[in-house]
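Please find one structure pasted underneath; my questions will follow.
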Amino acid sequence: MAQSQGWVTRYFKAFCKGFFVAVPVAVTFLDRVACVARVEGASMQPSLNPGGSQSSDVVLLNHWKVRNFEVQRGDIVSLVSPKNPEQKIIKRVIALEGDIVKTIGHKNRYVKVPRGHIWVEGDHHGHSFDSNSFGPAMNSLKARTTSLVTFEQINSPEICTELLHRAE
Amino acid sequence: MVIAGIPETLDVIFLFSRGPWWQSLHRTMLRGILGKTFRLVGYTIQYACIAHCAFEYVGGVVMCSGPSMEPTIQNSDIVCAENLSRHFYGIQRGDIVIAKSPSDPKSNICKRVIGLEGDKILTSRPSDFFKSHNYVPTGHVWLEGDNLQNSTDSRYYGPVPYGLIRGRIFFKIWPLSDFGFLRDSPNGHRSPGD
């Protein structure tokens with residue numbers, strides 16, 4: 001009896017030790033370095049999900065690259081949706097703070113992106129819930145998630161919303 | 001040079017009997033130092049990851065600076081924040097929350113939640129004759145500091161998306177004269193028709 005109890009205790013201790021090493025390290029890695037996600041929806045066609053509902057693209061989200069909140073115009077980013085905090089949306093960065101954009105379908109024709117905000121749009125205009133609907137997105141929302149690299153090569157299409165004035 | 005334990009001593013004897021003495025010396029020292037360094041790095045990574053998970057998902061201790069939450073929280077007070085309410089969407093009106101600053105993503109702000117989505121907020125000053133109201137859009141909250149005269153909050157930059165909230169402050173631990181749970185807002189209810 002004493003022997004089998006010793007075996008159970010040792011097994012339990014080994015399990016706890018492994019658990020407390022593996023779980024925090026894995027969670028930190030997925031939060032801070034990179035994780036894998038599936039893209040759903042048609043708002044980024046043709047770059048992402050060109051096959052529509054038949055096949056969803058799988059992408060690698062690179063958290064490490066945006067740890068200082070620095071994005072470039074033309075990057076594809078994923079951010080927490082301003083309308084629904086449980087959802088994440090994937091869009092392309094069109095303009096950074098200080099830039100003036102000529103919008104498509106927004107209530108103001110010309111918008112200057114305020115400090116700490118970015119202007120994001122989906123590549124598939126008209127089928128995208130993006131800054132044309134909710135205005136400039138706060139840069140901090142990107143903190144929760146990331147910049148993006150796909151497994152296939154993306155040809156980035158020309159930026160459709162006109163970037164009128166690039167702030168230096 | 002420190003050698004401890006039987007395996008290391010046997011190692012040394014074995015090495016010394018093989019090659020020239022200075023090579024054996026290098027090999028032993030290197031193995032000991034390398035082993036210790038890897039162990040140190042391993043422990044650091046493990047504790048850093050545990051700390052990240054604790055601060056991200058459970059909560060932590062925060063020091064607040066700035067006058068915008070007086071008299072509830074003074075400058076340089078130390079408070080406890082918990083992050084579970086954010087993940088379970090349990091933030092309510094009257095809670096004091098920590099959120100990422102809308103104008104600077106690297107800094108945090110500490111304000112009280114005055115209105116949740118759908119609430120009607122009084123945005124005119126009490127001295128104005130015509131009262132103006134705003135509705136808080138879906139997925140956003142309205143934040144205000146307790147020190148209304150000296151606080152840049154939602155009256156300045158508009159409603160804040162829920163996704164920016166990091167955690168809820170519920171307990172003050174320093175200064176000891178003010179130890180305990182935090183008081184309600186000194187400004188009374190600001191949203192009509194709750």
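In terms of modelled amide H atoms, which long-range or inter-chain residues lie less than 5 Å from the amide H of B:Phe171?
Hits under the 5 Å cutoff: B:Cys80.
Would you kindly derive the ³J(HN,Hα) couplings of region A:7-17 from the backbone phi angles with the Karplus curve 6.51 cos²θ - 1.76 cosθ + 1.60 (θ = phi - 60°), listing them in order in whole Hz, with x for Gly and Pro?
5, 5, 4, 5, 4, 4, 5, 5, 4, 4, 4
Measure up A:Lys13/B:Lys36; B:Lys111/B:Lys172; A:Lys112/B:Lys111 against 18 Å on the Cα-Cα distance and list the ones that go over.
A:Lys13/B:Lys36; A:Lys112/B:Lys111
Could I ask something else about it? Going by C-beta contacts inside 10 Å, put A:Met44, B:Met63 in order with the fewest on the left.
B:Met63, A:Met44
Once phi is turned into θ = phi - 60°, what whole-Hz ³J(HN,Hα) does the Karplus curve with 6.51, -1.76 and 1.60 give for every residue of region B:90-96, x standing for Gly and Pro?
x, 6, 10, 4, x, 6, 9
Give the long-range amide H neighbours of A:Ala34: residues separated by 5 or more places, or on another chain, with amide H under 5 Å away, using H modelled in the peptide plane at 1.01 Å from N.
Residues meeting the amide H criterion: A:His63.
Among the lysines, which have Cα under 29 Å from the Cα of A:Lys107 when same-chain residues fewer than 8 positions away are ignored?
The qualifying lysines are A:Lys83, A:Lys88, A:Lys91, A:Lys142, B:Lys100, B:Lys120, B:Lys131.
Show me the trypsin sites (Lys or Arg not before Pro) within region B:50-140 that DSSP assigns to loop and that have at most 16 other Cβ atoms within 10 Å of their Cβ.
B:Lys106, B:Lys131
In whole Hz and in residue order, list the ³J(HN,Hα) couplings for region A:114-127 that follow from phi through the Karplus curve 6.51 cos²θ - 1.76 cosθ + 1.60, θ = phi - 60°; x for Gly and Pro.
Each residue's phi maps through the Karplus curve to give x, 5, x, 10, 9, 9, 10, 9, x, 6, 9, 5, x, 10 Hz.
Where a number appears in this text, it was derived from the coordinates with a stated rule and is not lab data. Because the structure is predicted, anything quoted here is derived from the model rather than measured. Here Cβ is always computed from backbone atoms with ideal geometry, including for glycine, and neighbour counts include all displayed protein chains.
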